[in-house]
Amino acid sequence: MISHRVHRDLARAISSVENRIVELPAALRALAAHGHVPASHHSDVLGVTGPPGAGKSTLVDRLIEGLRTAGETVAVIAVDPSSPFTNGAVLGDRVRMQRHAGDPGVFIRSMASREAGGGLAPATRDAVRLAEAAGFDVVIVETVGVGQIELEVVAVADLILVVTVPALGDSVQTIKAGLTEIADIFVVNMADRAGANRTALDLKHMVHEGRRDIPVLQTIAQDGTGLPELLATIAERRGAEDSNAVRAVRFEVVRRARDAAASAALALLNSPDALAVLERLRAHDITRNDAIDSLLTIFGGPVHAH
Amino acid sequence: MPIKVLVTKPGLDGHDRGAKIVARALRDAGMEVVYTGLHQTPEMIVTAAIQEDVDVVGVSILSGAHMTIFPKIMDLLKAREVDDIVVIGGGVIQDADIPKLKALGVREIFNAEATTQDLIDGIERIVAEYGRDRTRRAAAHAR
């Protein structure tokens, strides 16, 4: 059983990786040394994403309630945005999840997104691994309020709920690329508002025309309407989505390769050869396009972006 | 690393304007502020402080209940073996009560005359004094 002491140790472990005091393996070893859980323990990771104000936190609160009633322990990692100007953040997701205080089977941690731009924080993935190592049955990852292309939750979650609300746009919105492509379950929240049936219908048409079978459910998270159906659907789909492993790995490999390439490019821009090219640009010896081509040649042969 | 602060309002009083202004001022000073909202019990406050692993818990009390709430918070922190999270208070707190609160382990009281800048400076100073211990502890914990 999960104790209050586990909460403290897990919280400190998350801080240590979030603030880059230690790397994940050391933090995992430390948790293990405190004798918490067998190394083979596996958590199901549930992603909850969608636009700001769609009711994600309120829905997560209801999911915690339902999962606890079924006897499962739950850790929540909830991400809110950092200011790109001051690096400060106000993390307010807990406001909707207060009633679980004192229940050691529920652990809730807020994270500021810091420099990351994909809807999660740089250390969210590590925090999920730590919560798993601490022994929680389910880990819920709530993203920042996202637009259409903050999709990083794909690389972290086994099952993704895309939460939307009525009347955010017409049916064309449902066939655009991005957010709608990562859903394993669609939730139309605030279903008592005008246009809920229309939104659900648009999503169902979109699903029907696609290749994957994705349930579309309506909820009112505020009063719990639709939650039994949502919980049943989650239970049915957990562990069944084999395709997500491939999707997650592809996404993560591309992301890391892109990050590595960007770091390498930044480093190379300070090399003597690159500085010489930039100097020629400054002196109007070459055009901008010439400079770009020369620099990319320095980085490892001609590279064409298109 | 950014300073992480819990801004919280215990008890029955429903005035959270000040707490929100504080949350925002601390955000603008580059801190990560976990805001809990109104009507928090000591159990909720301590649970949040531990799970969020904040550097500082800022408790805003305007109702006069500070001599009941603070002892409960400090007792619960002790019961959960947490000795590295600093508790500070703000709001309407009589001068005569301040030494009593400090004796309980409340580190600082920012009264109604304090500006948000006083609060920012105070938190930065407190964390500069205590923060190194926390960092060391986190590193030792992972060894």
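Considered as a group, the residues in segment B:30-60 that are more than 9 Å from chain A (Cβ to nearest Cβ) and touching a helix residue (DSSP H, G or I) at 6+ places or on another chain (Cβ under 6 Å) include one that is farthest from B:D16 (Cα to Cα), and that residue is B:D55. Can you work out which of the residues in segment A:86-121 that are among the small types (G, A, S) and more than 7 Å from chain B (Cβ to nearest Cβ) is nearest to A:V48 (Cα to Cα)? The qualifying residue nearest to A:V48 (Cα to Cα) is A:G119. Where strands (runs of 3 or more DSSP E) sit wholly within segment A:130-243, those with at least 1 residues that are modelled with pLDDT of 90 or more, more than 25 Å from A:S43 (Cα to Cα) and among the aliphatic types (A, V, I, L, M) occupy A:185-188. Here A:R94 meets each of (1) part of a loop (DSSP other than H, G, I, E, B); (2) in contact (Cβ under 8 Å) with a residue 12 or more places away in the chain with one exception, condition (1). State whether one or more residues within segment A:27-43 are under 22 Å from A:N244 (Cβ atoms) and part of a helix (DSSP H, G or I). Checked segment A:27-43: no residue is under 22 Å from A:N244 (Cβ atoms) and part of a helix (DSSP H, G or I). Per this entry, A:F136 is counted among residues that are surrounded by 22 or more Cβ atoms within 10 Å (Cβ to Cβ), under 28 Å from A:A70 (Cβ atoms) and in contact with a Phe, Trp or Tyr (Cβ under 8 Å, 6 or more places away or on another chain).
The residue of segment B:62-104 that is nearest to the other protein chains (Cβ to nearest Cβ), among those that are surrounded by 16 or more Cβ atoms within 10 Å (Cβ to Cβ) and among the small types (G, A, S), is B:G90.
Look at A:G178 and say whether it is surrounded by fewer than 21 Cβ atoms within 10 Å (Cβ to Cβ), touching a residue at least 24 places away in the same chain (Cβ under 8 Å) and at positive phi. Answer is yes for this residue.
Restricting attention to segment A:19-37 and to residues that are more than 8 Å from chain B (Cβ to nearest Cβ) and touching a helix residue (DSSP H, G or I) at 6+ places or on another chain (Cβ under 9 Å), the residue that is nearest to A:V138 (Cα to Cα) turns out to be A:V37.
For segment A:76-95, the candidate set comprises residues that are surrounded by fewer than 21 Cβ atoms within 10 Å (Cβ to Cβ) and not aromatic (F, W, Y); within that set, the residue that is farthest from A:A221 (Cα to Cα) is A:T86.
The values are calculated or read from the model by the stated rules, or taken from the named source; none is laboratory data. These numbers come from a predicted model, not from an experiment. Cβ coordinates were reconstructed from backbone atoms using ideal geometry, including for glycine residues, and neighbour counts include every protein chain displayed.
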